[in-house]
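What follows is a set of notes on a single structure, which appears directly below.
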Amino acid sequence: MGNASGSSHRRVFRNYDGTEEVEPLVAYFTPVRGRMMKDPLPGMKLDTSFKNRCKDGLDATWQIASVVHHAGLNNLRVRAVGVGYSWSKMTSTRDILIDMSGLTRVITKQPQKYFEKYYLVEVQAGKVVREFVREIDIKFKLALPGMDSFMGQTVGGAVSTSSHGSGFNLQSISNSIVSLHMIIAGGIQVIIREPTAIETDMPLEHVRALVARAQFGDGPLEIISKQAFRAAQVGLGCLGIIYSVTFKCVPLFEIMEERRLTTFTWPASGDSLDFRIPRNFDSNYIGSNEFFSFFVNPFPKKCCSREGVEHVRVVYVRGRKATENDYLARPPCRDACACCCCEGCRGCTACEGCKTDCCASCYSSYVMREPSSIPGWIDNCMKMSIHKGHYVNTWYKVLQYNKGTAHVVSSEWSVALEDLEAALGDVIEMAVDYGRKHNYFNLMPLVCRLTKSDDAYLSLANKYRPDGSECERYAHIELPYFPGSYGVEEFHRALEDMLYERYQARAHWAKNRWFDARRIHDLYPGLEHWKEVYTVFNSDHTFDNQFTARCGFEDSHEEMARFPERSGHMTWRRKVGGYVIYKTDGSPAITRQPSRSFGRQSSRSSRSSRQGSQRGRPNMKTFQ
Ligand SMILES: Cc1cc2nc3c(=O)[nH]c(=O)nc-3n(C[C@H](O)[C@H](O)[C@H](O)COP(=O)(O)OP(=O)(O)OC[C@H]3O[C@@H](n4cnc5c(N)ncnc54)[C@H](O)[C@@H]3O)c2cc1C
């Protein structure tokens with residue numbers, strides 16, 4: 001999966017789980033690291049003056065630039081693809097697909113210091129993150145500040161989609177970059193970065209004029225602009241082709257990981273409004289535990305010691321930077337031997353053999369005969385995922401939970417951290433409802449992560465909320481499915497609709513998601529700024545595709561102000577527990593109590609208890 005097949009000129013590219021295909025009508029182009037002596041595409045004629053200047057052949061940047069230039073002249077569409085691990089048709093293209101997987105060089109020979117604690121490392125965008133972090137460890141003893149639990153994607157793909165890991169003070173990978181070398185419409189090369197304290201920020205008009213004056217064949221334009229940088233930090237592949245990325249790296253570190261099994265009480269009423277995350281739970285992620293995420297089995301089970309009480313099983317994974325003392329106290333098993341008896345090891349979860357498609361289909365066919373056994377089955381898997389002691393290893397070996405051997409399909413939604421409790425309660429309630437009433441179960445636990453907010457316009461964790469407030473921290477709730485599972489699309493969609501309506505949740509750009517230009521417009525207050533940059537860098541539509549059309553980005557070419565007023569019809573105001581949607585004149589349009597929409601009969605008494613519980617729900621903001 002995530003690869004190409006077919007004859008040399010008619011190759012088909014498939015995404016991670018093979019559910020999406022890209023069949024470019026003109027060419028599947030793979031830039032090479034060395035110099036290319038021939039014209040990059042069949043039927044393409046390079047300008048003679050340009051050819052004379054490049055007598056030694058085209059290096060990788062000029063190969064890409066000439067393909068993009070050719071596309072502009074011939075009204076062709078182009079897209080870059082990394083390893084194709086995203087969903088939502090992001091890599092689709094009508095004409096030319098540029099496969100970046102050949103550009104894997106770490107360009108920096110000797111990292112320069114950047115401010116007090118960082119070092120700059122430039123890498124070509126086709127490098128797989130896992131290989132990049134290993135190489136900078138070996139060569140420079142450096143590390144990225146943090147990454148997600150999967151590192152099989154390319155640097156360019158991860159940055160374009162704002163891939164993130166988990167930690168109270170961690171931000172997505174797009175926030176670890178300081179500059180991008182890109183090829184934009186017309187084959188113009190640009191290097192984009194933010195101004196330093198002593199530099200002047202270029203207004204967008206200045207950037208527009210610079211780009212308009214630039215000629216194909218010129219050296220890279222330096223664009224020192226906050227707006228352009230914040231747009232390119234999460235460009236979704238729509239602003240151009242990223243040739244290389246410069247990261248700010250930190251000295252290498254090791255992490256001491258701890259995994260613990262715990263439970264959250266599921267309310268006897270079955271009403272998500274009564275669901276509480278234990279009060280001291282925040283102590284897991286505030287303070288020294290820089291890395292924290294947790295898994296939740298969304299199907300409650302009866303507690304064996306207390307009658308009438310139900311629990312949902314939770315495993316939390318927390319990690320902090322390891323110190324010398326940690327080694328002395330617990331010598332780590334660096335072989336990751338996957339033996340659950342070995343104290344310094346990670347237990348059964350380290351065993352990659354259990355995480356393949358083959359195993360996934362065996363589990364599925366076994367448990368699907370008796371769907372009601374699924375909650376117990378998930379509980380057992382979660383129990384197996386913990387380890388007794390601490391696990392200490394190099395940071396990227398600890399943060400990496402899977403190597404992509406099982407082709408799961410996943411959706412993820414980001415909500416303000418203060419809404420985590422309410423949103424998680426609603427997700428569990430929905431899962432319980434479908435499970436108990438309709439015998440529909442998913443085989444995998446929910447994954448919950450946290451990140452600090454940021455300024456990138458289209459980041460999932462952009463700090464500006466649709467209701468005009470600012471948010472410091474985000475929680476990301478992910479629901480993965482085994483490959484080939486039943487009802488994935490419908491269940492993901494039902495959750496997405498519910499989380500959007502109640503919590504203005506943002507769906508992960510690169511995962512299974514639905515499109516609605518209106519939703520995107522309402523959820524990202526910085527969208528207009530992003531679109532301004534998009535119309536400069538993608539002025540001739542070269543990078544447009546099915547994804548840009550479905551997101552409504554293409555409209556901005558013709559009419560920048562298609563939606564003149566933000567949330568022209570409605571505004572939200574969040575209300576912890578329930579939610580109210582207000583009209584623009586301030587009067588409430590819709591007031592909903594979350595539990596009612598799942599078909600429970602409401603009664604006077606349940607309504608009053610619901611109001612009571614809303615008052616009692618602790619605001620997660622106070623935990624921060
Ligand atoms: C098993 C699995 C686990 C995952 N875990 C996480 C996770 O923990 N956290 C998280 O946030 N995400 C996660 N993701 C999502 C993943 O990080 C994104 O899908 C990422 O974009 C994949 O990178 P890629 O190289 O495959 O990009 P592709 O799928 O090839 O491309 C994604 C987008 O980026 C663009 N693009 C790629 N390269 C370039 C380039 N050089 N220049 C310009 N545009 C480019 C493409 O045009 C496309 O629009 C996971 C995905 C999978 C399959």
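Identify all residues within region 508-530 that are assigned to a helix (DSSP H, G or I), among the charged types (D, E, K, R) and open to solvent by 10 Å² or more (accessible area, probe 1.4 Å); write none if there are none.
To start, the set of residues in region 508-530 that are assigned to a helix (DSSP H, G or I) comprises 517-523, 527-530.
Pick out the ones that are also among the charged types (D, E, K, R) and you get 518-519, 522, 528.
Scanning region 508-530 gives 518, 519, 528.
Only one residue in 318, 346, 330 is of a type in the set (D, E, K, R) and modelled with pLDDT of 75 or more. Which one?
Checking each option against the conditions leaves just 318.
Got a sec? Which of 419, 454 is in contact (Cβ under 8 Å) with a residue 60 or more places away in the chain, more than 15 Å from the ligand (Cβ to nearest atom), open to solvent by less than 20 Å² (accessible area, probe 1.4 Å) and not hydrophobic (A, V, I, L, M, F, W, C)?
One residue alone meets the criteria, 419.
When region 531-549 is examined, which residues are found to be in a helix (DSSP H, G or I) and of a type outside the set (Phe, Trp, Tyr)?
Matches in region 531-549: 531, 532, 533, 535, 536, 546, 548, 549.
Yes/no per residue for (1) on the phi > 0 side of the Ramachandran plot; (2) within 11 Å of the ligand (Cβ to nearest atom); (3) in the same structural domain as residue 137 (by TED's automatic domain parsing); (4) touching a strand residue (DSSP E or B) at 6+ places or on another chain (Cβ under 9 Å):
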site: 161; (1), (2), (3), (4): no, yes, yes, no
site: 166; (1), (2), (3), (4): no, yes, yes, yes
site: 195; (1), (2), (3), (4): no, no, yes, yes
site: 215; (1), (2), (3), (4): no, no, yes, yes
site: 236; (1), (2), (3), (4): yes, yes, yes, no
site: 248; (1), (2), (3), (4): no, no, yes, yes
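Exactly one condition in (1) of a type outside the set (Gly, Ala, Ser); (2) within 14 Å of the ligand (Cβ to nearest atom); (3) open to solvent by 30 Å² or more (accessible area, probe 1.4 Å) is false for residue 90; which is it?
With (1) of a type outside the set (Gly, Ala, Ser); (2) within 14 Å of the ligand (Cβ to nearest atom); (3) open to solvent by 30 Å² or more (accessible area, probe 1.4 Å) applied to residue 90, the lone miss is (3).
Looking only at residues that are over 25 Å from the mean Cα position of the chain (by Cα) and open to solvent by 40 Å² or more (accessible area, probe 1.4 Å) in region 217-245, which one is nearest to residue 460 (Cα to Cα)?
Filtering region 217-245 for residues that are over 25 Å from the mean Cα position of the chain (by Cα) and open to solvent by 40 Å² or more (accessible area, probe 1.4 Å), the one nearest to residue 460 (Cα to Cα) comes out as 222.
Here are some conditions: (1) part of a loop (DSSP other than H, G, I, E, B); (2) more than 8 Å from the ligand (Cβ to nearest atom); (3) of a type in the set (Phe, Trp, Tyr). Residue 150 meets all but one. Which one does it not meet?
The failed condition is (2).
Name the pairs: first residue in region 146-174 and farther than 12 Å from residue 129 by Cα, second residue part of a helix (DSSP H, G or I) and modelled with pLDDT under 95, Cβ to Cβ under 9 Å, at least 6 apart or on different chains?
Close Cβ pairs (under 9 Å, with a partner that is part of a helix (DSSP H, G or I) and modelled with pLDDT under 95) amount to 165/399; 166/399; 168/282.
Would you point out which residue out of 246, 200 is assigned to a strand (DSSP E or B) and over 15 Å from residue 65 (Cα atoms)?
246
Regarding region 97-106, can at least one residue be identified that is within 22 Å of the chain's Cα centre (by Cα), open to solvent by 50 Å² or more (accessible area, probe 1.4 Å) and within 16 Å of the ligand (Cβ to nearest atom)?
yes
May I ask you to list pairs of residues, at least six apart or on different chains, whose Cβ atoms are under 6 Å apart, with the first in region 86-107 being in the same structural domain as residue 246 (by TED's automatic domain parsing) and the second being basic (Lys, Arg) and open to solvent by 10 Å² or more (accessible area, probe 1.4 Å)?
Here the result reads 87/511; 88/513; 93/77; 94/77; 95/77; 104/127, each pair linking region 86-107 to a residue that is basic (Lys, Arg) and open to solvent by 10 Å² or more (accessible area, probe 1.4 Å).
Mind checking which residues of region 60-97 are farther than 21 Å from residue 162 by Cβ and among the aliphatic types (A, V, I, L, M)?
60, 64, 65, 67, 68, 71, 73, 76, 78, 96, 97
Can you report the number of residues in region 282-326 which are touching a residue at least 12 places away in the same chain (Cβ under 8 Å) and assigned to a helix (DSSP H, G or I)?
So the count comes out to 3.
Filter region 60-85 down to residues that are open to solvent by 40 Å² or more (accessible area, probe 1.4 Å), without any contact (Cβ under 8 Å) to a residue 40 or more places away in the chain and within 16 Å of the ligand (Cβ to nearest atom), then give me how many there are.
Residues meeting the conditions: 1.
Of all residues in region 345-372, which are open to solvent by less than 40 Å² (accessible area, probe 1.4 Å) and within 19 Å of residue 441 (Cα to Cα)?
Listed by number, the residues that qualify are 359, 360, 364, 367, 371.
Got a number for residues in region 183-205 being more than 16 Å from residue 528 (Cα to Cα) and open to solvent by less than 50 Å² (accessible area, probe 1.4 Å)?
11
Mind counting the residues in region 206-216 that are part of a loop (DSSP other than H, G, I, E, B) and open to solvent by less than 30 Å² (accessible area, probe 1.4 Å)?
Taking region 206-216 and keeping what is part of a loop (DSSP other than H, G, I, E, B), we get 214-216.
Filter once more, keeping what is open to solvent by less than 30 Å² (accessible area, probe 1.4 Å): 214.
Count: 1.
Any residue in region 169-182 that is within 11 Å of the ligand (Cβ to nearest atom), open to solvent by less than 10 Å² (accessible area, probe 1.4 Å), in contact with a His (Cβ under 8 Å, 6 or more places away or on another chain) and part of a helix (DSSP H, G or I)?
yes
The conditions are (1) part of a loop (DSSP other than H, G, I, E, B); (2) more than 14 Å from the chain's Cα centre (by Cα); (3) touching a residue at least 12 places away in the same chain (Cβ under 8 Å), and residue 134 fails exactly one of them. Which is it?
For residue 134, the exception is condition (1).
For region 210-234, which residues satisfy the criterion of being touching a residue at least 12 places away in the same chain (Cβ under 8 Å) and under 12 Å from residue 536 (Cβ atoms)?
Within region 210-234, 210, 211, 214, 221, 223, 225, 227, 228, 231, 232 qualify.
When you scan region 120-127, do you find a residue that is within 15 Å of the ligand (Cβ to nearest atom), open to solvent by 40 Å² or more (accessible area, probe 1.4 Å) and not in a loop (DSSP other than H, G, I, E, B), even just one?
Yes; the residues of region 120-127 include at least one that is within 15 Å of the ligand (Cβ to nearest atom), open to solvent by 40 Å² or more (accessible area, probe 1.4 Å) and not in a loop (DSSP other than H, G, I, E, B).
Output the number of residues of region 72-104 satisfying the condition of being touching a Lys or Arg at 6+ places or on another chain (Cβ under 6 Å) and basic (Lys, Arg).
Looking only at that region, the number is 2.
Among the residues of region 472-490, count how many are among the hydrophobic types (A, V, I, L, M, F, W, C), open to solvent by 10 Å² or more (accessible area, probe 1.4 Å) and under 22 Å from residue 416 (Cα atoms).
Total satisfying the criteria: 0.
The values are calculated or read from the model by the stated rules, or taken from the named source; none is laboratory data. All of these numbers come straight from a predicted model, not from anything done at the bench. Glycine also receives a Cβ, built like all others from the backbone with ideal geometry; neighbour counts cover every protein chain displayed. When the accessible area is computed, the model is the full protein with side chains, heavy atoms only, and any ligands, DNA or RNA have been set aside. Shrake-Rupley method; radii C 1.70, N 1.55, O 1.52, S 1.80 Å.
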